[in-house]
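Note sheet for the following structure.
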């Protein structure tokens, strides 16, 4: 491995090597996929193939989980338990046709490009010539598979979104994300931001920085993440393996931070810095969910995230979820898309994909905004 690579490129290269050697299930317990590679703009990127297409795969791998199953879980979780049967019927009526079209066009066996099996992938603003070359090579290698690129947000990488569309990729609404620029002084005037920063600086919590994390901490950090995202929220969230945490510690693929309260680690944060696009995001966050909410562990983790983005002079990608919380801390809602390419497929698959894209473009923004209280 070329140690002269910048830290981000080196960490991504080590992630890629791990993906090749262990497969998706070596990184996520619920991502049973195989990997290949392709060069984009002079850099090696992943190609992931969901070959088994079984239910229960994480939404970061499976389009069915992302668009159908996760949305169904969210809808039923937010509703009165006595009305869930009615919601399930309504959901089936709305999404059954989309589910059928997704199956026919082959989206759950899609070839996914530059997907690191994390909630938010950040990309350079690939030029149109890069996108055209990529598309041509993908068509030659995967003549029968539909092609997918996740996490395309016009407010994050505007040129990339335009270049994909002009090359024939369809942008299908996927989720609402929250973005902010901590370099903007107005962010720090929010009452919640000031209160969170004060709590973090109170001395009650101790921040454990990446160079202070040791291997013995990793099982607890993984448990804290799983308590929040797997046990409390959804089995369709990425379920990172112990090997993934080892990789983060060794390579810095995600920079692991801990939060200690009264001598015990009670929170974890994993940062992904992308200097090329000037964004910072956190695909990994967790805390001890048995603690009283008034302890403010989650608030302190988000305060730390904001401070890191400011000190690094980066914009902050809050990702999705906790919408009211993030809006109160300067997050601005933005619609994120999944780019899908099907022009090389059979007429039946192209028609099914066009129908799926059209249905999701009609109903997804409305459902996503309602779910986020917008």
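The values are calculated or read from the model by the stated rules, or taken from the named source; none is laboratory data. As the structure is a computational prediction, the values presented were derived from the model and not from experiment. In this analysis, Cβ positions are derived from the backbone assuming ideal geometry, glycine residues included, and neighbour counts consider all displayed protein chains.
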Do we have any residue at all in the stretch 94-113 that's touching a helix residue (DSSP H, G or I) at 6+ places or on another chain (Cβ under 8 Å), assigned to a loop (DSSP other than H, G, I, E, B) and at pLDDT below 95? yes
Filtering the stretch 345-374 down to residues that are under 21 Å from residue 161 (Cα atoms) and buried (at least 19 other Cβ atoms within 10 Å of the Cβ), which residue is nearest to the chain's Cα centre (by Cα)? 368
Criterion violated by residue 136 - all others in (1) without any contact (Cβ under 8 Å) to a residue 40 or more places away in the chain; (2) crowded, with 17+ Cβ neighbours inside 10 Å; (3) part of a helix (DSSP H, G or I) satisfied: (2)
If you scan the stretch 326-366, which residues turn out to be in a helix (DSSP H, G or I), touching a residue at least 12 places away in the same chain (Cβ under 8 Å) and within 30 Å of residue 186 (Cα to Cα)? 326, 327, 365
Give me a count of the residues in the stretch 34-55 that are more than 20 Å from the chain's Cα centre (by Cα) and not in a strand (DSSP E or B). 5
Out of (1) in contact with a helix residue (DSSP H, G or I) (Cβ under 6 Å, 6 or more places away or on another chain); (2) assigned by TED's automatic domain parsing to the domain that holds residue 220, the odd one out for residue 326 is which? (1)
So which residues in the stretch 297-325 are assigned to a loop (DSSP other than H, G, I, E, B) and at pLDDT below 95? 320, 321, 322
Over the stretch 16-26, the set of residues in contact (Cβ under 8 Å) with a residue 40 or more places away in the chain and over 22 Å from residue 147 (Cα atoms) is 18, 22, 26
Every residue in the stretch 242-268 that is on the phi < 0 side of the Ramachandran plot and surrounded by fewer than 17 Cβ atoms within 10 Å (Cβ to Cβ), please. 242, 243, 246, 250, 260, 264
Being within 30 Å of residue 343 (Cβ to Cβ), surrounded by fewer than 16 Cβ atoms within 10 Å (Cβ to Cβ) and modelled with pLDDT of 90 or more is the requirement here; does residue 45 meet it? no
